[in-house]
Amino acid sequence: MRLIEKITSYQNMTQAIEQVKKNKGAPGVDEMTVDELDHYFYQQGRDLVQEIRSMTYRPKAVKRVYIPKSDGKQRPLGIPTVVDRVVQQATAQQLSRIFDVHFSETSYGFRPNRSAHQAIEKVLDYLNEGYEWLIDMDIEKYFDTVHHDKLISTLRERVKDRETLHLIRVFLKAGIMENGFVSPNETGVPQGSLCKASHKPPYAKYSVMQSKLQKAYG
């Protein structure tokens, strides 16, 4: 079975719908809510799958919103429509099966059955073993600078399905709507895809684990 067929299979799409409903989040530019997904896919799911497989599917622009950061600045997020989030989720579920096995054992970010809790627990293990240094690094504006062609080229090393690569490409090029105007997206990936709109500051929900880490440092 081709990858695009696995992505658009009934089982995979149903799983994606349930995950997007579970994540909740705000509507995109078309104002459709997650509560309308079941009805939409009952009525138009077959046509949507056909569009994806025939490479005629075109995602809508993402809605630009801003959330405050702890340093007083604002973080830009892009909110796709709920239908586009389902397609993204369905794609991510299948891509994860291909790429996850090649990730480092000590990689915890954005992986199935991995969490920041586990990462902090691992740091505590290292501290208990006698290690004394912890380095916190971040790539500034990484998502804003992702090179589309290089990303597709990297994906192509393990994904040979042209329909799937085309699907990812059209999502990258979907554009961003802000103040009623759509601007093209030639580089970067909007932060917010598959994320809740009610965003909290990074790691806020891991405060208990942070407290343990701080005590370990004494």
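Quick rundown of the values:
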| read-out | value |
| --- | --- |
| Residues satisfying the stated conditions in the stretch 110-130, i.e. among the aromatic types (Phe, Trp, Tyr) and either assigned to a loop (DSSP other than H, G, I, E, B) or touching a residue at least 12 places away in the same chain (Cβ under 8 Å) (or both) | 110 |
| Residue in the stretch 31-49 that is within 23 Å of residue 189 (Cβ to Cβ), among the acidic types (Asp, Glu) and either at pLDDT below 95 or in contact with a helix residue (DSSP H, G or I) (Cβ under 8 Å, 6 or more places away or on another chain) (or both) present | no |
| Residues that are in a loop (DSSP other than H, G, I, E, B), under 26 Å from residue 175 (Cα atoms) and open to solvent by 20 Å² or more (accessible area, probe 1.4 Å), drawn from the stretch 60-108 | 60, 69, 73 |
| Selection from the stretch 65-91 of residues that are at pLDDT below 95 and of a type in the set (A, V, I, L, M, F, W, C) | 65, 67, 77, 79 |
| Matching residues, the stretch 147-169, being in a loop (DSSP other than H, G, I, E, B), within 18 Å of residue 89 (Cα to Cα) and not charged (D, E, K, R) | 159 |
| Residue match in the stretch 86-103 (condition: farther than 24 Å from residue 186 by Cα and among the β-branched types (Val, Ile, Thr)) | yes |
| Complete set of residues in the stretch 131-146 that are part of a loop (DSSP other than H, G, I, E, B) and closer than 19 Å to residue 110 by Cβ | 136, 137, 138, 139, 140, 141, 142, 146 |
| Of residues in the stretch 154-196 being more than 27 Å from residue 19 (Cβ to Cβ) and in contact with a His (Cβ under 9 Å, 6 or more places away or on another chain), the one surrounded by the fewest Cβ atoms within 10 Å (Cβ to Cβ) | 186 |
| Residue pairs meeting the criteria (Cβ under 9 Å; at least 6 apart or on separate chains; first more than 17 Å from residue 3 (Cβ to Cβ), in the stretch 80-108; second outside any helix (DSSP H, G or I) and among the hydroxyl-bearing types (Ser, Thr, Tyr)) | 80/193; 82/33; 84/193; 85/193; 108/115 |
| Matching residues, the stretch 147-180, being in contact with a strand residue (DSSP E or B) (Cβ under 9 Å, 6 or more places away or on another chain) and farther than 16 Å from residue 58 by Cβ | 178, 179 |
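Per-residue answers, yes or no, for (1) aromatic (Phe, Trp, Tyr); (2) over 22 Å from residue 188 (Cβ atoms); (3) open to solvent by 100 Å² or more (accessible area, probe 1.4 Å):
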| site | (1), (2), (3) |
| --- | --- |
| 112 | no, yes, no |
| 115 | no, yes, no |
| 118 | no, yes, no |
| 125 | no, yes, no |
| 131 | yes, yes, yes |
| 137 | no, no, yes |
| 145 | no, no, no |
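Listed here are the residues, each with its yes/no results for (1) aliphatic (A, V, I, L, M); (2) modelled with pLDDT of 85 or more; (3) over 20 Å from the mean Cα position of the chain (by Cα).
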position	(1), (2), (3)
125	no, yes, yes
133	no, yes, yes
161	no, yes, yes
177	yes, yes, no
194	yes, no, no
202	no, no, no
215	no, no, yes
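The values are calculated or read from the model by the stated rules, or taken from the named source; none is laboratory data. None of these values were measured; they are calculated from a predicted model. Cβ: placed from backbone, ideal geometry, glycine included. Neighbour counts: every protein chain shown. Keep in mind that these areas ignore ligands, DNA and RNA; they rest on the heavy atoms of the full protein, side chains included. Shrake-Rupley method; radii C 1.70, N 1.55, O 1.52, S 1.80 Å.
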